[in-house]
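Trainee: Dropping a structure here in structure tokens format, bear with me for questions.
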């Protein structure tokens, strides 16, 4: 499924997900996962991450993101969430943001 098909599948979810492909590395970047305040805590972001990571594993794609507290989330909570999906910290960005990366899980990609 090409990236555009993944975007269409994500469009049916509650909230907003923006993806792009990094021109330099070729990785898919999660640019934004935003869930309305009244829907938070109901698994909307997890559902998006389930779809994205399953797609990435099937298509042998690396995913990157930048966790940021700028939208009201606790950075430690975000890092914990993304870590459970296999993301690892690459570096800190500025004073509060954290760049993370997830490589495809080989057993799922095979």
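The values are calculated or read from the model by the stated rules, or taken from the named source; none is laboratory data. Keep in mind that this is a model prediction, so the values were computed, not measured. Here the Cβ is made from the backbone with ideal geometry for all residues, glycine too, and neighbour counts use every protein chain on show.
Trainee: Pick from the range 80-106 the residues that are part of a helix (DSSP H, G or I) and surrounded by fewer than 16 Cβ atoms within 10 Å (Cβ to Cβ): which of them is modelled with the lowest pLDDT?
Mentor: Keep residues of the range 80-106 that are part of a helix (DSSP H, G or I), which gives 80-84, 106.
With the extra rule that they be surrounded by fewer than 16 Cβ atoms within 10 Å (Cβ to Cβ), the set shrinks to 80, 83-84, 106.
On the way: 80: 94, 83: 96, 84: 96, 106: 73.
The qualifying residue modelled with the lowest pLDDT is 106.
Trainee: Another question, then. Given the options 49, 65, name the one that is in a helix (DSSP H, G or I) and either at pLDDT 95 or above or surrounded by 13 or more Cβ atoms within 10 Å (Cβ to Cβ) (or both). Please lay out each step first, then the result.
Mentor: Values: 65 fails: in a helix (DSSP H, G or I).
Exactly one of 49, 65 is in a helix (DSSP H, G or I) and either at pLDDT 95 or above or surrounded by 13 or more Cβ atoms within 10 Å (Cβ to Cβ) (or both), namely 49.
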